[in-house]
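Beneath this line is the structure, given in structure tokens, with notes to follow.
A short reminder: the numbers here are calculations on the coordinates, not readings from a lab. Please read these numbers as outputs of a predicted model, since none were measured by experiment. Cβ placement follows ideal geometry from the backbone for every residue including glycine, while neighbour counts extend to all protein chains displayed.
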Amino acid sequence: MNPESTKSFLDFKVLAQVAGSKARAATFKTLRSTIETPLFMPVGTQASVRNVSCEELDLAGSKILLANTFHLMLRPGKEVFDRLGSIHEFMKWKHSVLTDSGGFQVFSLSQSRKISEDGVLFKSYVDGTEHLLSPEASISMQRSIGSDIMMAMDLCIPSTSDFTESQRAMEQTHRWAVRSLEARVVSKQALFGIVQGACHESLRRESARFISSLDFDGVAIGGLAVGETKHERERFTELVTDLLPTDRPRYLMGVGTPLDLLEAVHRGVDMFDCIIPTQLAEQGATFTSKGRIQISRGIYKFSDEPLDADCSCATCKTHSRAYLHHLVKTCEPLSTQLLGVHNIHFYHSMMRQIRASIKDSSFLSYYNKWREILEVRDVAPVKTPPKVGRRPSRRPQQMGAFETVTASEGLLSIRHVDSREVMHPGRDPMDEARSVYLEQSKLVERFAALDEGQELVVWDVGLGAGFNAMAVVHALDGLQSKGRLKLVSFENDLDALRLALYHPTYFPHLRHSGPHAILDKALFERGCLSWQLLEGDFLELYKQAAAPDLIFFDPYSSKTNNQLWTLDTFEKIFTYAKDRSCELFNYTTSTAVRVRMLLAGFFVAKGKASPPKTETTVALTKHEGTEFELLGSEWMQKLARSGIKDEILEGVSWQELQAKLEAHSQFS
């Protein structure tokens, strides 16, 4: 490392450190000002912080904004900055600006980009034209923007990616880091490198050593907050900060809530950015000195208190909770502005308090007090108010025959447009996937009990948005077994999965490298798990897969996908699987479907409830020793009284049907 270059660009100085913690207070100088750390940078993606003006940001205490190279490259474009001057002139911002490289944004375009040694080739969301984002192009664009701090281009992948994929991405990041430094040429703009390595300790160590050895003015920790748990993020943050130089600022990218920032400062981080303050403002959520408040709750309708009595922002000095509640409930854009101003003010106020506590050696006391306060939060209403006053989403809400719809707790699910049928309706989709399929089948226990050379084969009939398949993948992450598990997904229309992948925030089960590998290569392998995709007509493809031990039968209902619910389909499945002790799990309680399963040769039992259904269905090729309650005489009597006999088999009389069922060994 060249000490003169660091001094020339940032002149980073540590002013105080805390015994018993890695927290530190420091200063550095940009082209425009002296900055105190730890600090938070509001996100101004398009040269604008969502719903908050530059004047309000200045009053709140913002000293650096983050702008997005990828988006600004596409619009307004390099030529605008070359002609009109830096981003500071363009947006009339008098303080500093950090620009990211665009690496994370092209990572999120998994359906429309190609990665090579040169860079990332992608199509513009503005006009469909092709662009190559390379380290050289990224640095050139950041120089035109005129940011005070530039970021080297990196290759971001899900933090849960396997070792081989993570190593490949890390090594690519290292080569691009060298090229970014070379492309910098002569510039007084500072340049930060980025440590990658996903959640693999050896890779994080290697990346931290390599990036620290280069002539960067600061070092960022990238590739976190993209799929890992909170515990993993904190663990790998601390691991990396222990390896970084003490004479340069440390920047944790894309993190996070106030509690996340507090934990990261404790682990030695100096700089943060995140969209959370303004994003949550659009949902009526705010941070206060008493914990997080969901102002849309009815309890605030008559409250004349300020949002936070301990806050000095314009929102808290001027408006009551009742008025803010009214604005949110009526979807007035002013609500996002007032709440956004408060949230950003809260972040900056917290960072000032943290800096002061580090300097007077009271940080650990502050940390222990505030980590409890920041855990407190209101329970959000079941129905979150619509977001208002924001740019239209660039992420598609419909693709082919599918569209996104709100599920529960702010999550989304997928609906078939023509039939209006929703995947896993009425609850968190992953809860149903785990309950009806994973837990009932005792898949984890069966996997752990496999002997050497044994293989457990699971069919996922109807991949959809990947809920059931990812329940399996997540359940097996980190588990050990002497045997292997082979998961085979069948799907004839992958648009549901593609659509869900455009919304990783609302489909958190897809924050994993598995779905991307399935779409790219129709195969994902990790440890003892092999996940294969067979795309096309199930009835034409099923014999290409090994006979199953478990079947998660989850296609759309017979109204949408009649072919997969016929007697012929169940006969073919039974014939193929009957030599094994196979169990088929399904969400339906349809009497007609249960009759067809019985006529195909299956034993049929009651499955566990899945609200609003009071029970589901389990079909078995063999019933000896089963723990499931088989349908009995009471069900047969109910069938005799039902009015659906004609729907079950066309051209077959009730007497013939009754005779066939009574001959089944389940009833005889």
- Determine the percent antiparallel among the DSSP beta bridges restricted to the stretch 425-663, to the nearest 5. 45
- Within the stretch 522-620, DSSP-loop trypsin sites (Lys or Arg not before Pro) with at most 12 other C-beta atoms within 10 Å are Lys559
- If the chain between Thr566 and Thr330 were fully stretched, how many nm would it gain, using 0.36 nm times the residue separation less the Cα-Cα distance? 80.1 nm
- Message: Straight-line reach from Lys63: which lysines fall under 16 Å, measuring Cα to Cα and dropping same-chain residues less than 8 apart?
- Response: Lys29, Lys92, Lys94
- Task: Decide, for the stretch 124-229, between rounded, prolate and oblate: order the square roots of the alpha carbon gyration tensor eigenvalues as a ≥ b ≥ c, take rounded if a/c falls under 1.5, and otherwise choose prolate if a/b is larger than b/c, else oblate.
- Result: oblate
- Angle in degrees between helix 591-600 and the longest Cα principal axis of the chain, rounded to the nearest 10: 70
- So, in Å, what gap is there between the alpha-carbon centers of the stretch 277-304 and the stretch 449-471? 42
- Task: Compute the acute angle (0 to 90°) between the alpha-carbon long axis of helix 654-663 and the principal axis of greatest extent of the alpha-carbon atoms of the chain; round to the nearest 10°.
- Result: 80
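For the pairs Lys317/Lys359; Lys123/Lys521; Lys301/Lys329; Lys543/Lys578, flag any whose C-alpha to C-alpha distance is greater than 19 Å.
Lys317/Lys359; Lys123/Lys521
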- Query: With a sphere of radius 15 Å drawn around the Cβ of Ser33, what net charge do the other residues whose Cβ falls strictly inside it have (Lys, Arg +1; Asp, Glu -1)?
  - Reply: +2
- Using a ≥ b ≥ c from the Cα gyration tensor of the stretch 473-548 (square roots of the eigenvalues), is it rounded, prolate or oblate, where a/c under 1.5 gives rounded and otherwise the larger of a/b and b/c decides, a/b for prolate? oblate
- D_trans [Stokes-Einstein, Kirkwood Rh over alpha-carbon pairs] for the stretch 178-292, 10 °C, 1.306 mPa s, µm² s⁻¹: 104
- Item | Cys residues of the chain counted as unpaired, since no other Cys beta-carbon is under 4.7 Å | Cys54, Cys156, Cys199, Cys274, Cys313, Cys331, Cys528, Cys582
- Item | Value of relative contact order over the chain, rounded to a whole percent, pairs C-alpha under 8 Å and six or more apart | 9
- The local net charge around Ala322, scoring Lys/Arg +1 and Asp/Glu -1 for residues other than Ala322 whose Cβ lies under 10 Å from its Cβ, equals 0
- Message: Can you give the FRET efficiency to the nearest 0.05 for Glu79 and Val178, using r as the Cβ-Cβ distance and R₀ = 35 Å?
- Response: 0.80
- Task: Read phi for every residue in the stretch 619-636 and hand back ³J(HN,Hα) as whole Hz from Karplus 6.51 cos²θ - 1.76 cosθ + 1.60, θ = phi - 60°, with x for Gly and Pro.
- Result: 10, 10, 7, 9, 10, 4, x, 5, 8, 7, 7, 5, 4, x, 5, 4, 5, 4
- Collect residues whose amide H, placed 1.01 Å from N in the peptide plane, falls under 5 Å from the amide H of Leu65; neighbours closer than 5 in sequence don't count. Ser96, Val97, Leu98
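If R0 is 35 Å, what FRET efficiency do you get for Asp537 and His231 from their C-beta distance, rounded to 0.05? Working shown, then result.
On the way: r = 43 Å, r/R0 = 1.24.
That gives a FRET efficiency of 0.20.
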- Note on the structure: Exposed GluC sites (Glu not before Pro) being those in a DSSP loop with at most 14 other Cβ atoms within 10 Å, the longest stretch of the chain free of them is 118-374
- Task: Please work out the FRET efficiency for the pair Ser33 and Ile373, using the Cβ-Cβ distance as r and a Förster radius of 35 Å; give the result to the nearest 0.05.
- Result: 0.70
- Rounded to the nearest Å, the spacing of the alpha-carbon centers of the stretch 1-80 and the stretch 504-544 is 40
- Note on the structure: Env charge @ His345, Cβ radius under 10 Å, K,R +1 / D,E -1, value -2
- Measure nothing fancy, just the Cα-based angle from helix 333-359's long axis to the longest principal axis of the chain, in degrees from 0 to 90, nearest 10. 60
- Message: If you restrict to DSSP beta bridges whose two residues both lie in the chain, what percentage is antiparallel, to the nearest 5?
- Response: 50
- Query: Long-range amide H contacts for Gly483: which residues qualify at under 5 Å (H placed 1.01 Å from N, peptide plane, sequence gap of 5 or more or a different chain)?
  - Reply: Leu450
- Item | Percent of C-alpha pairs per 10 Å bin, the chain, short to long | 3, 14, 22, 22, 17, 12, 7, 3, 1, 0
- Query: Per the helix-only calculation at 222 nm, which mean residue ellipticity applies to the chain, given -39500 (n - 2.57) for every DSSP H run of n ≥ 4 and division by its residues, nearest 500 deg cm²/dmol?
  - Reply: -10500 deg cm²/dmol
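Looking at the square roots a ≥ b ≥ c of the eigenvalues of the Cα gyration tensor of the stretch 278-390, which shape do they give, rounded for a/c under 1.5, prolate if a/b is larger than b/c, or oblate? Each step should come with its number before you reach the end.
Numbers: a/c = 2.15, a/b = 1.91, b/c = 1.12.
Here the stretch 278-390 falls in the prolate category.
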